[in-house]
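Participant: Can you read through this structure? Questions will come right after.
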């Protein structure tokens, strides 16, 4: 199975003179701000497309929550960019039986509130996570965590589960301070994280700024950055203006058209990413597969990537799962074919159907513009598409509540296991089954992944078969493109990296 090979590619970013009240307002007047304990030159200010929703890892709402969580929290096992595993809060592990895993824990680690890290903390965090809204999708297979001694944790599963190590690398598996779990309610846990990580939480002013400072007692190599500030700036052009003005040091999802003309003051960071962006159907409100297939044939994904994204992404013309993770042979897709789309609509007896696409505002790169292009492409075959653009938190809840006909969604593979999305989005009882897709035979195929070795030919074939039914046979989803991690930074920022699991790696980052 193909894995990502990360190589940092730098290119300069268009330099301009866009300094105005809009930028200063959007950035909360951050220029020159610093923590009293830190060096102003080591404050890293990151402009994000949206604010966080929850800092309680097993109850995350959007993937961007993990970007912040990753500074504060740690897991027993860490995922490498090559798809392997390395020690985190556990120094070693072994499989004691098909349903038991023993972890030797790292000694001398303390939580930010001074509490000792031990097996009791592991037990409390993982058993809690296994019951939480998002955590159970990754860890619901955990029966219990035993504590033979303070530095040994035995995870007991309800059944053999081949990707348990993958799932333990995801931040839903983060180990939270037992003192915080005892003293804080759910709302406080979502806003006041307490972990063992390289940074400690400072404060959060919603829609304005979230701040962290370096953990002076961190067990590992301490970051060189003293303070990190996340600033939500929804509009890509405004984020870029803030970068140019010096109010922000790094921005995510810079406007693709701004990356064409190269200068010396800024550079781009683009690294592979597994997240597919796709259109999905609510099968309860759009039950006719002929109409769903017509929509699929009406969409020109290559034009979207070339003309809207300007190449910052890869057309999903081989399947839902990125070929970086899984080679689908033959490719899984419904080709762009407007005449076939019209024929299918005629066969369905609805030559001019009306549909609504529920999508987020500024959640993904050029999402609004892509929605408008899809709207135009569907109009060419006789489909009237209404765009229902919502704030990211509201949009995601609409998807979970099934208040949709069509929806626009990206799904990351934070565990490094391409089967994770199938389990968590398309199994009949999945919390994130936004399409309300139910097929006992597909459930059985998805369930078989648990006992098949990750990366094996047999497991890969099952994943291809499930994708083929979702994309070609039933047209439950329409893959559009696969994202890349895209950031832009000023040249004074060095060694800013991202990971295949869409996290920011600040372990070596410096700010001049």
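Participant: To make sure I understand, if each residue's beta carbon is the centre and we count other beta carbons within 10 Å, what order do 185, 249 fall in, fewest to most?
Facilitator: Result, fewest neighbours first: 185, 249.
Participant: Just from its helices, what would the mean residue ellipticity at 222 nm be for the chain, if runs of 4 or more DSSP H residues each count -39500 (n - 2.57) and the sum is divided by every residue, rounded to the nearest 500 deg cm²/dmol?
Facilitator: -7000 deg cm²/dmol
Participant: For a Förster distance of 35 Å, can you work out the FRET efficiency between the beta-carbons of residue 115 and residue 397, rounded to the nearest 0.05?
Facilitator: Given R0 = 35 Å and the Cβ-Cβ separation, E is 0.55.
Participant: How much length is gained on full extension from residue 302 to residue 375, taking 0.36 nm per residue of separation minus their Cα-Cα distance?
Facilitator: Separation in residues times 0.36 nm, less the Cα-Cα distance, equals 24.7 nm.
Participant: Additional query: Arrange 400, 283 by Cβ neighbour counts within 10 Å, fewest through most, would you?
Facilitator: Ascending Cβ contact count within 10 Å gives the list 400, 283.
Participant: Give me the orientation-averaged projected area of the Cα convex hull of the stretch 43-101, in nm², one decimal.
Facilitator: Mean projected area of the Cα convex hull: 6.3 nm².
Participant: How much length is gained if the chain between residue 158 and residue 347 is pulled fully straight, taking 0.36 nm per residue apart and subtracting their Cα-Cα distance, in nm to one decimal?
Facilitator: Difference between extended and current length: 63.3 nm.
Participant: Let me ask something else. Can you give the extra length, in nm with one decimal, that the chain gains between residue 222 and residue 456 once fully stretched, where that is 0.36 nm per residue apart less the Cα-Cα distance?
Facilitator: Contour length minus Cα-Cα distance gives 80.5 nm.
Participant: Related question: Based on the alpha carbons, how large is the Rg to Rh ratio for the stretch 28-232 when Rh follows Kirkwood?
Facilitator: My calculation puts Rg/Rh at 0.98.
Participant: In nm, to one decimal, how far is the modelled label at residue 465 from the one at residue 448, with both set 7 Å along Cα→Cβ?
Facilitator: 0.3 nm
Participant: Could you grab the relative contact order for the stretch 28-232? Cα pairs under 8 Å, six or more apart, rounded to a whole percent.
Facilitator: 28 percent
Participant: Using only the alpha carbons, work out the radius of gyration and Dmax of the chain in angstrom.
Facilitator: 22.8, 69
Participant: Moving on to the next point. How big is the stretch 89-162 in terms of Cα radius of gyration and Dmax, in angstroms?
Facilitator: 12.4, 36
Participant: Over the chain, what relative contact order in percent results from Cα pairs under 8 Å that are six or more residues apart?
Facilitator: 22 percent
Participant: Also, I was wondering about something else. If I take every Cα pair under 8 Å that is 6 or more residues apart in the stretch 33-154, average their sequence separation and divide by the length, what percent do I get for the relative contact order?
Facilitator: It rounds to 18 percent for the stretch 33-154.
Participant: What ranking do 97, 448 get, fewest neighbouring Cβ atoms within 10 angstrom at the top?
Facilitator: By the 10 Å Cβ count, ascending, the order reads 97, 448.
We did not get these values from a lab; they are worked out from the coordinates using the rules stated. The structure presented is a predicted model; accordingly, all values stated were derived computationally and were not measured. Don't worry about glycine lacking a Cβ; one is built from the backbone with ideal geometry, like all the others, and counts go over all protein chains shown.
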